[in-house]
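S.K.: Have a look at the structure that comes next, please.
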Amino acid sequence: MDEMASVSRLPERDRPWVMRTYAGHSSAAATNALFRRNLAKGQTGLSVAFDLPTQTGYDPDHELASGEVGRVGVPVAHLGDMRALFDGIPLAEMNTSMTINAPAMWLLALYGTVGLEQGAELARCAGTTQNDIIKEYLSRGTYIFPPAASLRLTADVVAYTLREMPRWNPVNICSYHLQEAGATPVQEVGFALATAVAVLDAVRDSGQVPAERMGDVVQRISFFVNAGVRFVEEIAKMRAFGALWDEITRDRYGVTNAKQRRFRYGVQVNSLGLTEAQPENNIQRIVLEMLGVTMSRDARARAVQLPAWNEALGLPRPWDQQWSLRMQQVLAYESDLLEYPDIFAGSHVMTALVEEIVTGARAELDKVQELGGVVAAVETGYLKSALVASLAERRRRMESGADVVVGVNRYVETEPSPLTATGAESVEQVDPAVEAAAVDDVHRWRAERDAAAVDAALAQLRADAATTTNLMTATLQCVRVGVTTGEWAGALRQVFGEYRAPTGLAGGTGTGGDPGLAAVRERVTATARELGSGRLRLLVGKPGLDGHSNGAEQIAVRARDAGFEVVYQGIRLTAGQIVAAAVQEDVDLVGLSVLSGSHLAAVPAVLDGLRAAGRADLPVVVGGIIPAGDADTLRAAGVARVFTPKDFALTTIIDDLVTVVRQANALP
């Protein structure tokens with residue numbers, strides 16, 4: 001027995017993957033303290049979460065930043081913030097992942113400048129800028145510029161890091177958010193690889209990288225993937241990813257070195273699959289999802305970060321993040337996982353499943369290429385429509401019970417959870433004073449710098465943006481003279497313009513297999529008739545900078561299927577814009593979706609605006625990740641209904657919306 005074991009085991013135990021927790025909130029100083037605590041607990045890399053103003057290129061004092069500063073990440077408005085964020089953390093020795101996309105060039109310039117100030121050699125700095133802008137148009141919504149200009153920025157960062165920071169991963173192609181937006185495993189692989197092809201084509205065609213160095217570019221391209229709870233299928237998905245990446249980089253880009261073609265990826269397991277109901281069940285979900293990206297040695301993640309059990313409730317506390325880190329450490333150090341070769345090699349079941357995903361994903365990739373590539377597929381709405389339709393089908397299966405979610409649509413009887421017995425104390429609370437402090441800080445920063453040097457640096461940035469010059473040089477000068485995040489992005493907005501991505505609602509339908517929808521449709525028709533209007537009109541609004549639009553889009557699709565006329569103008573709207581649309585379109589109901597935690601600022605702003613416009617009678621409902629105490633506050637302020645992730649039955653929600661309209665109009 002011992003002899004057989006020695007033959008099947010590896011000669012040396014594998015080194016574990018990089019272990020991270022996704023962290024950042026309140027302020028640079030508070031996040032720095034959290035980083036230090038996490039590193040002391042055995043975390044082996046940093047993963048920085050930036051707040052939404054930083055991700056979308058706004059300073060803390062911008063109108064759209066109101067209520068959003070420091071909520072879902074750390075605000076970084078200038079070089080001083082970046083210094084405070086990494087104070088006492090030697091960047092030359094650290095592996096840092098930064099979840100930043102549209103302003104990735106800017107944050108990399110800030111990071112590199114702080115590294116140089118610390119005495120680090122840029123060539124030694126290791127880490128990743130996410131920098132995948134395509135998925136922002138499809139899921140997260142933190143884009144700024146049109147797709148072509150955004151790809152130009154990505155290509156410039158790739159070329160710069162190839163020359164100055166060879167250990168840095170300049171782009172992290174993200175299938176993670178595609179899965180959250182509805183992608184099947186086949187779509188996730190196919191669409192992500194289409195994005196990777198667009199990035200590599202942009203680099204190749206920019207003329208900044210010699211053809212013989214494309215292998216060096218390819219080996220620094222990493223991926224960021226999602227792992228769902230169907231972990232056998234997830235293992236196959238990752239093996240399929242590797243097989244197709246090897247094929248594409250060999251055949252399309254002529255990379256002959258097999259090591260350079262290796263599929264390199266990090267993972268965050270599925271946060272949106274976590275449930276508010278019976279949140280203790282999220283622990284086993286997270287563990288199973290972690291297995292999907294670690295069990296197969298030939299397709300194992302290079303870095304893993306896990307969500308916390310309470311992310312469907314609010315912002316995790318340090319203890320919650322520690323629990324997720326300990327899951328990784330138990331798997332890596334207590335189990336025997338790292339002692340064996342790939343345990344799926346030769347499995348006919350796994351081989352067949354991988355081939356099925358490869359075949360389907362290759363077909364999806366080919367279709368995107370036939371449309372003219374991933375930029376064209378974004379601009380025509382094809383990709384967004386495909387994801388909205390897939391997510392609608394996923395929701396339908398859950399609502400019908402075909403897909404079981406324990407504690408949500410089956411086995412809902414439960415004992416009270418001691419994990420949530422403390423109410424609001426079970427999640428991290430962000431002090432409202434954080435935003436005011438950030439606003440004061442950026443005002444002080446602007447007042448203390450050389451205004452003429454700032455103006456000159458921004459003028460040079462705009463001039464270079466109008467040409468094909470690599471923008472890193474001008475960006476680094478902007479960093480050095482004290483330009484802010486909002487000023488850098490604002491200068492490029494002047495040259496590139498801004499962009500409104502297609503919503504994808506035209507491709508969505510959520511009616512199949514829902515016997516209750518006909519009755520709701522009859523109520524919608526009857527209510528419109530009683531009000532003397534042709535159709536009931538629903539405005540779906542996304543106030544502030546929260547770009548996670550999946551829920552809003554699914555509500556819009558189901559409401560339309562129930563007979564509502566739906567007004568949905570997409571993400572990132574001010575309260576004034578939402579109020580103006582409600583008045584101009586003469587809607588019967590306003591539905592606001594907020595997942596960033598800014599609901600106590602964003603929703604009252606809309607209510608105040610409606611009162612000022614003489615439409616205090618217009619009912620408002622809200623959906624999002626909203627703690628019970630905050631929901632009470634919103635209802636006291638005049639909100640008619642508050643929906644949270646536990647309200648998963650969309651048709652029931654739409655039926656309730658009809659009731660809200662009837663009550664607001666004194667109909668029986």
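The values are calculated or read from the model by the stated rules, or taken from the named source; none is laboratory data. These figures come from a predicted structure and were not determined experimentally. Don't worry about glycine lacking a Cβ; one is built from the backbone with ideal geometry, like all the others, and counts go over all protein chains shown. Side chains included, ligands, DNA and RNA excluded: accessible areas come from the protein's heavy atoms. Shrake-Rupley method; radii C 1.70, N 1.55, O 1.52, S 1.80 Å.
S.K.: Taking only the C-alpha atoms, wrap a convex hull around segment 351-476 and report its volume per residue in Å³ as a whole number.
M.R.: Working: hull volume 35.0 nm³, N = 126.
Dividing the Cα hull volume of segment 351-476 by its residue count gives 278 Å³.
S.K.: May I pose another question? Quick check on the chain: helices-only [θ] at 222 nm, where DSSP H runs of length 4 and up contribute -39,500 (n - 2.57) each and the sum goes over total residues. Nearest 500, please.
M.R.: Details: 25 runs with 319 residues, N = 668.
So the calculated ellipticity at 222 nm is -15000 deg cm²/dmol.
S.K.: Which whole-number value in Å² is the accessible area per residue of segment 615-668, probe 1.4 Å?
M.R.: I get 42 Å² per residue for segment 615-668.
S.K.: Take the Cα atoms of segment 180-269, find their three principal axes, and give me the spread along each one in whole Å, biggest first.
M.R.: Result, largest extent first: 42, 25, 20 Å.
S.K.: Given a 1.4 Å probe, how much area per residue of segment 134-251 is accessible, in Å²?
M.R.: 25 Å²
S.K.: According to the Cα gyration tensor, what semi-axes, each the square root of 5 times an eigenvalue, does the equivalent ellipsoid of segment 228-331 have, listed from largest to smallest in whole Å? The partial results should precede the final answer.
M.R.: Working: eigenvalues 200, 33, 27 Å².
Semi-axes from the Cα gyration tensor: 32, 13, 12 Å.
S.K.: If you don't mind, another one. Under the rule of at least 5 residues apart or a separate chain, name every residue whose amide H is placed under 5 Å from the amide H of residue 592.
M.R.: Amide H neighbours of residue 592, under 5 Å, 5+ apart: 541, 621, 622, 623.
S.K.: If you project the alpha carbons of segment 112-215 onto their three principal axes, what span does each projection cover, largest first, in Å?
M.R.: Ordered largest first, segment 112-215 gives principal extents of 45, 31, 25 Å.
S.K.: With the crude spin-label approximation of a point 7 Å out along Cα→Cβ, what separation in nm comes out for residue 204 versus residue 8?
M.R.: About 4.4 nm, to one decimal.
S.K.: Let me know the whole percent of all Cα-Cα pairs from segment 310-400 that are separated by more than 18 Å.
M.R.: Working: 3014 of 4095 pairs.
Beyond 18 Å sits 74 percent of the P(r) for segment 310-400.
S.K.: Determine ³J(HN,Hα), in whole Hz, for all residues of segment 527-534 in sequence, where each value follows from phi through the Karplus function 6.51 cos²θ - 1.76 cosθ + 1.60 and θ = phi - 60°; x replaces Gly and Pro.
M.R.: Karplus-based 3J(HN,Hα) across segment 527-534 equals 5, 4, 5, 5, 7, x, 10, x Hz.
S.K.: Give me the percent of the accessible area of the chain that comes from carbon and sulfur atoms, probe 1.4 Å, all protein chains in place.
M.R.: For the chain, the apolar C and S fraction of the accessible surface comes to 53 percent.
S.K.: If packing is taken as the average number of other Cβ atoms within 10 Å across a peptide's residues, how do 574-584, 56-66 rank, most packed first?
M.R.: Details: 574-584: 18.4, 56-66: 22.3.
Those peptides, ordered most packed to least, come out 56-66, 574-584.
S.K.: Mind giving me the FRET efficiency for residue 646 and residue 257? R0 is 51 Å, r the Cβ-Cβ distance, nearest 0.05 is fine.
M.R.: Numbers: r = 51 Å, r/R0 = 0.99.
According to the calculation, E is roughly 0.50.
S.K.: What whole-number volume per residue, in cubic angstrom, does the convex hull of the C-alpha atoms of segment 4-119 give?
M.R.: Working: hull volume 15.3 nm³, N = 116.
It is 132 Å³ per residue.
S.K.: Averaged over every viewing direction, what's the projected area of the C-alpha convex hull for the chain? Give it in nm², one decimal, please. Present the calculation step by step, with values, prior to reporting the outcome.
M.R.: Values: hull surface 121.9 nm².
So the Cα hull casts an average projection of 30.5 nm².
S.K.: Can you list the residues, at least 5 places off or on another chain, whose amide H is less than 5 Å from the amide H of residue 50, using H built in the peptide plane?
M.R.: Those qualifying (amide H under 5 Å, at least 5 residues apart or on another chain) are 74, 99.
S.K.: What's the lysine pair count for the chain at a Cα cut-off below 30 Å, pairs eight or more apart or interchain?
M.R.: 15
S.K.: Could you pull the accessible area for residue 333 with a 1.4 Å probe, rounded to 10 Å²?
M.R.: Result for residue 333: roughly 140 Å² accessible.
S.K.: List, in order, the whole-Hz ³J(HN,Hα) value for each residue of segment 401-414 obtained from phi through the Karplus relation with A = 6.51, B = -1.76, C = 1.60 and θ = phi - 60°; use x for Gly and Pro.
M.R.: x, 5, 9, 8, 10, 4, x, 10, 10, 7, 6, 7, 5, 8
S.K.: Amide H neighbours of residue 128 under 5 Å, at least 5 residues apart or on other chains, H built in the peptide plane: list them.
M.R.: The list, which skips near neighbours in sequence, is 96, 97, 98, 169.
S.K.: Still on this model: Read phi for every residue in segment 605-621 and hand back ³J(HN,Hα) as whole Hz from Karplus 6.51 cos²θ - 1.76 cosθ + 1.60, θ = phi - 60°, with x for Gly and Pro.
M.R.: Karplus-based 3J(HN,Hα) across segment 605-621 equals 4, 5, 4, 4, x, 5, 5, 5, 8, x, 10, 5, 6, 6, x, 10, 10 Hz.
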